[in-house]
Amino acid sequence: MKHLNFTTLIGLAGLADGSGALVRGNTAVVVVDLQKDFTKAYNGSLAVNGTDEAYLKVAAETTKKLKELGLPVYATQDWHPADHVSFASSHMGKNPLETIDLEDGRTQILWPDHCVQGSDGAMLLLDEKLLDGVVRKGANPSYDSYSGFKDDGGAVTVLDKTLKSSGIKNLIVYGIATDFCVKFTVLDGIDAGYNVIVVRDLTPEIAPDTAAAAWTDMEKKGAAIWPNIDMSEVKNLL
Ligand code: VGL
Ligand code: ZN
């Protein structure tokens, strides 16, 4: 996994709520798209670098520790129909990683078929017992949804409502991948008013250039980038 060289750990002062401090007792974990198809460990169709067994083990152990501290844990799950607009196979003569212009003016990056509803590749790689909820996204054939909060057509998922109804103010976010689903989930989370922490070492990337831009965008918007999970920092939020 390639990383930007952050010289300083961005502390609690850099957060988005404007108050300069995280709110204690109101923190949830959002694990993004930890699914077979995105991993090398399972030979996924859209396998992201740095998603070997070792990564999955650390991600699972960290999630368990956070849950044991009492934090609610939500997972997003990419959940596409077989004819999804983001699949190159849905567009005659097109290949994965090409970009197309859709009729309504959106541009769409094309991917190999991945996370097809009900398929083995769509399976979440987290123990269900750790999860307080799963937010499925990308189920509308016509719209992609990198964000766990809303799709490209603006249709919202249950995530914001679920978090707000339990008084959540801070999110700890990690998962796959930096440059797409993590980035848009983080940016939308900040727009929805949350203080967002992103854990770099638990967040692999599809490509170095798009990932570098993603870290910059997230940081500029006010996300706190933690190099890794510091449990004593997390306990400060409790
Ligand atoms: C993702 C590309 C397509 C992701 C999902 O989880 O980052 N990337 N679908
Ligand atoms: Zn997808």
What is the chain's relative contact order, in percent, from Cα pairs under 8 angstrom and six or more apart in sequence? 26 percent
Determine the relative contact order of segment 169-222: mean sequence separation of Cα pairs under 8 Å and six or more apart, normalised by residue count, in whole percent. 46 percent
Once every Cα of the chain carries one equal point scatterer and solvent is ignored, give the base-10 log of I(q)/I(0) from the Debye formula at q = 0.10 Å⁻¹, two decimals. -0.43
Based only on other Cβ atoms within 10 Å, what is the fewest-to-most ordering of Asp37, Asp132, Asp151? Asp132, Asp151, Asp37
Can you spot the aspartates and glutamates whose alpha carbon is less than 12 Å from Lys40's alpha carbon? Ignore those fewer than 8 places along the same chain. Asp52, Glu53
Chain lengthening between Met123 and Asp209 when straightened (0.36 nm per residue, less Cα-Cα): 28.1 nm
Sequence neighbours fewer than 8 away in the same chain don't count; with that in mind, list the lysines whose C-alpha is under 27 Å from Lys169. Lys64, Lys65, Lys67, Lys129, Lys137, Lys150, Lys161, Lys183, Lys220, Lys221, Lys235
Rounded to whole Å, give me the distance from the Cα center of segment 152-198 to that of segment 117-151. 13 Å
Determine the sum of side-chain charges near Asp120: Lys and Arg each +1, Asp and Glu each -1, restricted to other residues whose C-beta is under 12 angstrom from that of Asp120. 0
Can you give the alpha-carbon Rg of segment 98-217 over 2.2 N^0.38 Å, where N counts its residues? 1.09
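Throughout, read-outs are computed from the coordinates displayed, never taken from laboratory work. Computed from a predicted model, the values in this text were never measured in an experiment. A quick note on method: Cβ atoms are made from the backbone with ideal geometry, for glycine too, and the neighbour counts reach across all protein chains shown.
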